Amino acid sequence: MQTIKRLVELREAVDALKNGGKRVALVPTMGALHQGHLTLVREAAKHADHVVASIFVNPRQFGPNEDLDAYPRRMAADSALLEAEGVAVLWAPTVDQMYPDGYATNVSVSGVSEVACGAARPGHFDGVATVVCKLFNQVRPDVALFGEKDWQQLAVIRRMARDLDLTLPKTDAIIGVPTVREASGLAMSSRNQYLTAAERDQAAGLSAAMRKAIAAIEGGADVTASLSALNTDILATGFLSVDYADLRDAATLAELATFSGQPARLLVAARMGAARLIDNMGLGGN
Ligand code: PAF
């Protein structure tokens, strides 16, 4: 595996990988890799001849009072994991490479960015869209893979790719990979390490509460009443607060007050100890 920190070298390496019409898949990450990320890499290998993974803790997607400094950085361990998965290139740019002096451009996706996590974390999805647009232009992958754990992020990236007529990867080559969960049901996340052992056990209650709400809604229960019961259930498992627990259209993220089998997603963000955890699950066969 080649570890590359400079754009000029990345371009040469990717051109060499693409030689002879070979396909390249990109797995963008912020590091602190867990099984969820490794699942993305394994899935990527099914769609391309070579996998490029990126590790970049993107300052532009962290708000002023968020965990940018505390965000786990484990380059040596992450690099060993990626190498063992057969990744061809690790793209690990410095902040200066990504945002050189005088950098002034922002990619902002209206609508889908403004609700749920976008409302709770102003500017977050501008930071995500900006860096992912840059990563796409830097690597020009045939296909890119993202975890469905960050459902809203995936929706924002797909909208951006469509709106900006990105050709590599094409919008339909932006692949969402189902959330990887611990045996307890807790969705894997780099931020789970902010939880104590006791909080981790309690946090597992989130997915159980969500499944219960989905069963109720799919069974014809009133959406508002089911979401309110979900809110109560989440707090009862030991979460300090619920940022949101919403039923939304799976693609546009428009709020749904009723459910009649359309592709929909239940999205939740809640705080447990020092962590803000997010999770989502599909309804209507989505
Ligand atoms: O999901 C993440 O890890 C990040 O938001 C991403 C897509 C790598 C952009 O920084």
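Candidates in the stretch 189-243 are the residues that are touching a residue at least 40 places away in the same chain (Cβ under 8 Å) and among the charged types (D, E, K, R); of these, the one that is surrounded by the fewest Cβ atoms within 10 Å (Cβ to Cβ) is R211. Can you tell me which residue in the stretch 18-46 is nearest to the ligand (Cβ to nearest atom), limited to those that are over 21 Å from P93 (Cα atoms) and basic (K, R)? Once the filter is applied, the top-ranked residue is R42.
Of the residues making up the stretch 81-90, those that are open to solvent by less than 60 Å² (accessible area, probe 1.4 Å), over 27 Å from L277 (Cα atoms) and not β-branched (V, I, T) are E85, G86, A88, L90.
Could you please find all residues in the stretch 247-260 being over 14 Å from G118 (Cβ atoms) and either of a type outside the set (G, A, S) or open to solvent by 40 Å² or more (accessible area, probe 1.4 Å) (or both)?
L247, D249, A251, L256, A257, T258, F259, S260
Criterion first (in contact with a helix residue (DSSP H, G or I) (Cβ under 9 Å, 6 or more places away or on another chain), surrounded by fewer than 20 Cβ atoms within 10 Å (Cβ to Cβ) and either at pLDDT 95 or above or more than 20 Å from A269 (Cα to Cα) (or both)) does L164 satisfy it? So L164 fits the description; yes. Of the residues that sit in the stretch 119-135 and are over 19 Å from S190 (Cβ atoms) and not in a loop (DSSP other than H, G, I, E, B), which one is farthest from the ligand (Cβ to nearest atom)? The selected residue is A119. Pull up the stretch 23-45, narrow it to residues that are under 12 Å from A144 (Cα atoms) and among the charged types (D, E, K, R), then point me to the one that is surrounded by the fewest Cβ atoms within 10 Å (Cβ to Cβ). Looking at the filtered set, the residue picked out is R23.
To keep it simple, each residue is scored yes or no on (1) within 16 Å of the ligand (Cβ to nearest atom); (2) without any contact (Cβ under 8 Å) to a residue 12 or more places away in the chain.
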| site | (1), (2) |
| --- | --- |
| M1 | no, no |
| V8 | no, yes |
| A16 | no, yes |
| V52 | yes, no |
| R73 | yes, no |
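Taking the criterion of being open to solvent by 50 Å² or more (accessible area, probe 1.4 Å) and not in a loop (DSSP other than H, G, I, E, B), the residues of the stretch 51-80 that qualify are R60, M75, A76, A77, A80.
In the stretch 146-161, the residue that is farthest from the ligand (Cβ to nearest atom) out of those that are open to solvent by less than 10 Å² (accessible area, probe 1.4 Å), under 14 Å from the mean Cα position of the chain (by Cα) and free of Cβ contacts under 8 Å to residues at least 40 places away in the same chain is L154. Among residues belonging to the stretch 136-145 that are open to solvent by 10 Å² or more (accessible area, probe 1.4 Å) and in contact (Cβ under 8 Å) with a residue 60 or more places away in the chain, point out the one that is nearest to the ligand (Cβ to nearest atom). Here the residue is Q138.
The values are calculated or read from the model by the stated rules, or taken from the named source; none is laboratory data. Predicted model, so just to flag it, every value in this text is computed and none were measured. Counting neighbours? That spans all protein chains shown, and the Cβs are built from the backbone with ideal geometry, glycine included. Note: accessible area is taken over every heavy atom of the protein model, side chains too, but ligands, DNA and RNA are not part of it. Shrake-Rupley method; radii C 1.70, N 1.55, O 1.52, S 1.80 Å.
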